[in-house]
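A quick write-up on the structure given underneath.
The values are calculated or read from the model by the stated rules, or taken from the named source; none is laboratory data. Owing to the predicted nature of the structure, the values given are computational and were not obtained by experimental measurement. Every residue, glycine among them, receives a Cβ derived from its backbone with ideal geometry; neighbour counts consider all protein chains shown. The accessibility values were calculated without ligands, DNA or RNA, using every heavy atom of the protein model including side chains. Shrake-Rupley method; radii C 1.70, N 1.55, O 1.52, S 1.80 Å.
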Amino acid sequence: WITGKNIDKNVAALTKEYTETKVSEDGTTLDIDLSLSSIPTAPVTVALASSDKSEMTVKPASMTFTPEDWDKPQKITVTGMDDVIVDGDIVSDLTLKVTSDDKNFGGDPENDALNAIEDKIEITTLDNDTAAIVVIAEGAEVLENSGKKLEFKVVLSAQPEAPVTVSAKSNDESELKI
């Protein structure tokens, strides 16, 4: 007569597969394959969201796994967004929130630890903006003593985070007055 105890080593969790965690403001994408670590007893829905939509977007907004397809990876696509601001590389979170009637995947109101499986992946958005002052001259030259004026347009290459003041000064006031 042998007695024993069956210990279930299947853990309800998300399985994430990816090779990179960086996108760029030039619109590059990152694909993440998502599946479940064990078979659920009911459909499992994973809501996907970006913590900073000005830096990256996430598609789809959600995905559902069933007892029939729980181990078949579904693709998440993260796309870098151009914000036209020189803000450096920014780290944002891709959040994954699981809901299900399966008590192991969040359907257990008696157990808060299992009630909401939530995970995140940190994604870095590489900045593609550079700060520069662009001077555009309206007309190529002004002859000495002609009385003609030369007009300039001054623009910034990217949106600044704070006000920018541009000063102009002639290095020879006898030749050029600004």
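Structural remarks
- Relative packing of 151-161, 16-26, 38-48, 95-105, which averages over residues the other C-beta atoms within 10 Å, highest first: 95-105, 38-48, 16-26, 151-161
- In sequence order, calculated HN-Hα J values of the range 21-33 (Karplus, 6.51, -1.76, 1.60; Hz; x Gly/Pro): 10, 10, 10, 10, 5, 7, x, 5, 10, 9, 9, 10, 8
- Nonlocal amide H pairs with Ile117, under 5 Å, H built at 1.01 Å: Val98
- Modelled spin labels at Glu20 and Thr130, positioned 7 Å past Cα toward Cβ, are 2.1 nm from each other.
- A Cβ-based charge dipole, computed about the Cα centre of the range 58-99 with Lys and Arg at +1 and Asp and Glu at -1, lands at about 220 debye.
- Radius 13 Å from Cβ of Lys120, net charge of other residues (Lys, Arg +1; Asp, Glu -1): -3
- Excluding ligands, DNA and RNA, the accessible surface per residue across the range 17-131 is 52 Å² with a 1.4 Å probe.
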